Amino acid sequence: MPVQQSGNDICDCRCIHQSRVATAKEDALSDEENQNMAQLFKAMGDANRLKLLWALEREEMCVCDIAAFLGITESAVSHQLRMLRQLKLVSNRREGPVLYYRLNDQHMGQLMKIAQEHSRE
């Protein structure tokens, strides 16, 4: 990594492999994709949200069931679900007055299973 001295870049005995840097830039995610992925990992970075997502991977649940499972208020669950809906990770269906939540697709379940396998290594 270059060291800045008197306005000049000095290499500090390190070699920059320009072809590797160019390849990394070519393969880099777009800013939008990078931001979306960061938000996804942020969603998974909260223990209660991760528990919630893990439970929904098994079967759909209503807010009151999720609250009982997590041991938190229905208001707190609704707040978490709002964030997860905005990220398009969960969706819901109405049955009378009750909303049932589920994972939006199989990707989230696959990602959590990969993370589980990694954590067990």
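Every number here is computed from the coordinates shown, using simple stated rules; none is lab data. From a predicted model like this one, the values you see are computed outputs, not experimental measurements. Cβ atoms come from the backbone with ideal geometry, glycine included; neighbour counts cover every protein chain shown.
With the simple spin-label model, which puts each label point 7 Å out from Cα in the Cβ direction, the Glu121 to Lys51 separation comes to 2.8 nm. Per-residue ellipticity at 222 nm from helix content only, as computed over the chain with -39500 (n - 2.57) for each DSSP H run of at least four residues, stands at -18500 deg cm²/dmol. Give me the extension gain from Ile114 to Arg82: residue separation times 0.36 nm, minus the current Cα-Cα distance, reported in nm with one decimal. Gain on stretching Ile114 to Arg82: 9.0 nm.
Give the lysines reachable from Lys113 as a straight Cα distance under 25 Å; neighbours fewer than 8 places away on the same chain don't count. By straight Cα distance, Lys113 reaches Lys42, Lys51, Lys88.
Each label was represented as a point 7 Å from its Cα along the Cα-to-Cβ direction; for Asn92 and Asn34 these points are 3.5 nm apart. Restricting region 33-88 to GluC sites (Glu not before Pro) that sit in a DSSP loop and have at most 14 other Cβ atoms within 10 Å of their own Cβ leaves Glu59.
Remark: the Ile72-His17 segment gains 14.6 nm on full extension, using 0.36 nm per residue and subtracting the alpha carbon distance.
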